[in-house]
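J.: One structure follows; several queries about it will come next.
The values are calculated or read from the model by the stated rules, or taken from the named source; none is laboratory data. Predicted, not measured: the structure shown is a model, and the values here were computed from it. Counting neighbours? That spans all protein chains shown, and the Cβs are built from the backbone with ideal geometry, glycine included.
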Amino acid sequence: MPQTLPQHEPRLSVQPLEPQHDPRLGPRRLGLTERQIDVLERILRGLPNKLICRELSLAEGTVKVHVSAVLRALGASNRTQAVIAATRLGLAETQPQNV
């Protein structure tokens, strides 16, 4: 007679996300580095790669790599989707900023 194992229901431990005092902690939960967070902040301001390069003193190729990492972390295929995803996750300010 085959032996049956007891059935156990999986238990999920879900911790509610609480607002943090450090606003940069939100993007960190996506696994973004400090530099990628810097790039995300500028994407949210609508800056193109060239201006991001100038503000952060980075090569354009480096910015492109960071932009790709940010898009991947947010599950987005373009900047518009990234902004929408960041807003839904509470990573973007609701007030528009002047560039």
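J.: Checking the structure you have, find out if any residue of the range 19-40 is modelled with pLDDT of 95 or more, of a type in the set (Gly, Ala, Ser) and in a helix (DSSP H, G or I).
T.: no
J.: Give just the number: which of (1) free of Cβ contacts under 8 Å to residues at least 12 places away in the same chain; (2) assigned to a loop (DSSP other than H, G, I, E, B); (3) exposed (fewer than 15 other Cβ atoms within 10 Å of the Cβ) does GLY61 not satisfy?
T.: Among (1) free of Cβ contacts under 8 Å to residues at least 12 places away in the same chain; (2) assigned to a loop (DSSP other than H, G, I, E, B); (3) exposed (fewer than 15 other Cβ atoms within 10 Å of the Cβ), the lone unmet condition for GLY61 is (2).
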